[in-house]
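Below: one structure, written as C-alpha cells.
Throughout, read-outs are computed from the coordinates displayed, never taken from laboratory work. Quantities reported herein were computed from a predicted structural model and do not represent experimental measurements. Methodologically, a virtual Cβ is constructed for each residue, glycine included, from the backbone with ideal geometry; neighbour enumeration extends over all protein chains shown.
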Amino acid sequence: MSALASLERPPLFHPVSDCWVCGERRFTRFHEARIDFHQYAEQDADLHAYTGQSVWLMRCAACGFAQPATLPALPRFFDRMYAQRWSHDWVASEFDAEYKDLIFQTILRELDRRAPAGRRRLLDVGAHAGRFLHLAQQAGWAVEGIELNPRTAAYAAARTGATVHHQNAQQLAAEGRRFSAIVLTDVLEHIPEPVRMLRALAALAEPGGCIAVKVPCGPSQLTKERVLAALTSHRISVADSLVHVNHFSPRSLALALDRAGFQAIAIQTGAPEVLPVSGGWRARVSNAVRLGVYAAARLPGAVYTPLALQLQAFATRPLETPR
Ligand SMILES: [Zn+2]
C-alpha cells in the first residue's frame, strides 16, 4: 500500500500504552483475542468490518491487571457493540430468569450490612432488564438504574416503575444525584479505563455510601480455559470480540477501587450463575460443580487461587474527602 493510500484509510486500531489501573508501561502479551462481528452485517457495516481482526491481551508487570494492547479506533465502538436489538420476549425472559439470583441476593445481604443506617437509595449501573432492581425493591431499597440499551432500559423501567437513566455516570453525578449504594454486576469488565468509571461512581456515592462490583477473575478464567482446552476440543476464549476489555486479579481490583477514592475495600469470591433445573441432568451436574467450586473458593485465602472464577468487591466512600 502506498503512503498516500494508508493516509486515506483511517487505522482500525490505536495502541494503548499505560496500564489503566496503575499507570505502568511494562506488559507481557499472553493471548490473541479474535473478533467476529458477523451478526452485525446488516445492522452496522463499520462494526462488521472488524470481523477477522484480532487484539492482543497484555498483563501489567506491576499490578497484574490485563487489558488490550490496542483498541478499535471506530467512534462509539462499544456503544455500537452493545446496541443489540433484543427481542421483547428475550428481554422479558431475562427479567424473569433466576440464574443470577444467588449473585444478587449475596450482594443485597452485604449492602444491608454496609450501607449507612436508614439510607436506602440504590443505583444499579447496567440495569439490563431490571431483575436486580426488582429484587432490591423487594428488599426495601428505593432504586434507580443506568442502562444504555434502549430496549432493556424501557423494559426495566416498565416492570419496576423505577427511573432508568440513559445518561452515563458522569452526567448523573454532575446533576448532584447521590446514592447510598451503587452496584455493578458483570459491567466493569466491559468499560475501558475502569478507574475513570469508578471515580465517576465515587462522585455518585453519599459519604459513607458503598459500592458493590462483580467481575470475572481474569487469571482464573484463563486457567479454566486452558484446562478445558487441554482436556477437550474446547478453543481458548477469554476476550473474543472484545466482550471483556478489563481482566482483574483480586489485587488489581482492590487497587482500582483504592485509586478511585474508595476505602474499607473487601475482595471476595463472587457467586456463580445457577442454571435452571429445566436444563435436565446436565444443568444439575453443572450446578453441583459450580456450587462446589464456589464453596471451596470461599475458604480463607482461596480468593487468590484459580478456584475463584468470579470476584465480588465491596468498598465504601470515605465520610470526609481526604485532603
Ligand atoms: Zn498495572
Pick from G292, G261, G64 the residue whose mean-square fluctuation is largest in a GNM of the chain, springs joining Cα atoms under 10 Å. G292
Restricting to Cα pairs below 8 Å that are 6+ residues apart, what does the relative contact order work out to for the stretch 3-81? Please round to a whole percent. 36 percent
Among V213, V277, V245, which one shows the biggest mean-square fluctuation in a GNM of the chain, springs joining Cα atoms closer than 10 Å? V277
If we restrict to alpha carbons, what Rg and Dmax does the chain come to, in Å? 20.1, 67
Take the Cα pairs of the stretch 188-271, get the Kirkwood Rh, then feed it into Stokes-Einstein at 4 °C and 1.567 mPa s and tell me D in µm²/s. 91 µm²/s
What distance in nm separates the simple spin-label points at H234 and Q167, each placed 7 Å from Cα in the Cβ direction? 4.4 nm
Once you place label points 7 Å from the Cα toward the Cβ at R85 and A302, how far apart are they in nm? 4.6 nm
Rounded if a/c is under 1.5, else prolate if a/b is larger than b/c, else oblate: which is the stretch 73-209, with a ≥ b ≥ c the root eigenvalues of its Cα gyration tensor? oblate
DSSP bridge pairs, the chain: antiparallel proportion in percent, nearest 5: 60 percent
Any cysteine of the chain lacking a neighbouring Cys Cβ under 4.7 Å - listed by number: C210, C217
Between V238, V125, V227, where does the largest GNM mean-square fluctuation fall for the chain, given springs only between Cα atoms within less than 10 Å? V227
